1. Any residue in the stretch 259-274 that is over 23 Å from Gln179 (Cβ atoms) and charged (D, E, K, R)?
2. Any idea which residue in the stretch 121-144 is nearest to Cys57 (Cα to Cα), counting only those that are surrounded by fewer than 19 Cβ atoms within 10 Å (Cβ to Cβ) and polar (S, T, N, Q)?
3. Could you please give the count of residues in the stretch 60-80 that are within 16 Å of the ligand (Cβ to nearest atom) and of a type in the set (D, E, K, R)?
4. Within the set of pairs 6+ apart or on separate chains, which have a first residue in the stretch 173-192 that is touching a residue at least 24 places away in the same chain (Cβ under 8 Å), a second that is within 11 Å of the ligand (Cβ to nearest atom) and among the β-branched types (Val, Ile, Thr), and C-beta atoms under 6 Å apart?
5. Farther than 17 Å from Glu35 by Cβ, crowded, with 19+ Cβ neighbours inside 10 Å and at pLDDT 95 or above: which single residue out of Gln232, Gln268 fits that description?
6. State whether the residues of the stretch 2-22 include one that is within 16 Å of the ligand (Cβ to nearest atom), outside any loop (DSSP other than H, G, I, E, B) and among the aliphatic types (A, V, I, L, M).
7. Note down all Cβ pairs under 7 Å where the first residue falls in the stretch 146-171 and is under 14 Å from Val200 (Cα atoms), the second is part of a loop (DSSP other than H, G, I, E, B) and away from the ligand (no atom under 16 Å from the Cβ), and they're at least six residues apart or on different chains.
8. I'm checking my understanding of the structure. Among residues of the stretch 33-59 that are more than 16 Å from the ligand (Cβ to nearest atom) and surrounded by 18 or more Cβ atoms within 10 Å (Cβ to Cβ), which one is nearest to Glu72 (Cα to Cα)?
Amino acid sequence: MFPGAEEYDVDVAVADREVERLLSTTPDDVSAASELTFARNVFVPLTTACRYTCTYCTYYDVPGEASLLSPEEVRERCRVGADAGCTEALFTFGDKPDDRYTAVHDRLAEWGYDSIVGYHERACEIALEEGLLPHSNPGDLTEAEFRRLREVNASMGVMLETTADVDAHAGRRRKTPGQRLDTIRAAGEARVPFTTGILVGIGEGWRDRATSLLAIRDLHERYGHVQEVIVQPVTPNERSPFDAPSTATMRRVTAMARAALPAEVSVQAPPNLAPVGDLLGCGVDDLGGVSPVTDDYINPDYAWPALDELRAVAEAGGVPLHERLPTHERYLPERHRRPGFDDDPAPGRWLHGRVPDALADEGIHGARFRGVARRDGPLSV
Ligand code: SF4
């Protein structure tokens, strides 16, 4: 039982022998991927209000200082992103603002919303109207909230970070592993293509890293919904007491991720935070969302590499670079996959509400989505 799990409807099993197997895994035990993928996105930091105060985080702002993008600002960012050829609107959040954020709640009420979830739904509709596919990271959600938001999201995500109870999740209000695991479970129940990951260097140990990866695998084996697992190093910043993990640590934990997860689940390294070139041999096959038009608001001190730098990384690793949609190919309807795609398509229907319509749209945005999905569209780095 993981810390906090008793409060939630989640029962994740991790066998000790599997943990031991992972603990003995090294980079020599895994194969390099045969290709690298990325998604072209525009960041939309919907609100910086967060009910938590994780000690490594520079994203959240305290009450009175937290931002909330207006519908017009959301639309403008999405328009700029679509014009730049992005396919993904990456909605970033704190976790649901609590009662201390009165200004945020008042502003939402002024705009006619009784919760951040309702406003988030509208913001995703705006992104779809402007020609982007929303991928949202809205913190912990219930299954009912996933079912509501899946109607306007191509995929969603939340970082597990770790199954350990670490001091980095400090304060009276602290997120718990049980809560995060329950969010991943709820996404699976709602059939949402999902991104999660671990954060390396926040006080967890090697056994915790192995356990975290196996917990993700357990949930994926039940629902089949985890499309990618991010292996993210913590980054030094003015709030964080943590040093960045060494390249050797990142290589070992990346290899553990590759060994823990089934082949259909991508292992992702963020190219502005991790030594990607040193990790390609450890099983990384995806670089996540990369933005040609906006900063990484989660890690503002760490600029995105230009797209031609990504190509250079791929070339140095001897693998091709491909652009993808926020939804990985195996979750797309068959008509939008590449001809002959045989990489274990996920059975059943994964896209909901307005998202299939956006993919099938006859205009320039639908054509761009389909071109990227089939790999005969934009890339031209
Ligand atoms: S890491 Fe996420 S949950 Fe923690 S304080 Fe930052 S925004 Fe909030």
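1. yes
2. Of the residues in the stretch 121-144, the ones surrounded by fewer than 19 Cβ atoms within 10 Å (Cβ to Cβ) are 122, 125, 129, 137, 142-144.
From the residues that got through so far, the ones that are polar (S, T, N, Q) too are 137, 142.
On the way: Asn137: 15, Thr142: 23 Å.
The extreme case among them is Asn137.
3. Result for the stretch 60-80: 2.
4. Thr183/Val158
5. Details: Gln268 fails: farther than 17 Å from Glu35 by Cβ.
After ruling out the rest, the residue left standing is Gln232.
6. Checked the stretch 2-22: no residue is within 16 Å of the ligand (Cβ to nearest atom), outside any loop (DSSP other than H, G, I, E, B) and among the aliphatic types (A, V, I, L, M).
7. Cβ pairs passing all conditions: Thr163/Phe2.
8. Within the stretch 33-59, the first condition is being more than 16 Å from the ligand (Cβ to nearest atom), and the residues that meet it are 33-42.
Subset that is surrounded by 18 or more Cβ atoms within 10 Å (Cβ to Cβ): 33, 36-42.
Numbers: Ala33: 41, Leu36: 35, Thr37: 32, Phe38: 28, Ala39: 25, Arg40: 22, Asn41: 19, Val42: 15 Å.
Residue satisfying both the conditions and the ranking: Val42.
The values are calculated or read from the model by the stated rules, or taken from the named source; none is laboratory data. These figures come from a predicted structure and were not determined experimentally. All Cβ positions, glycine included, derive from the backbone under ideal geometry; neighbour counts span all protein chains shown.
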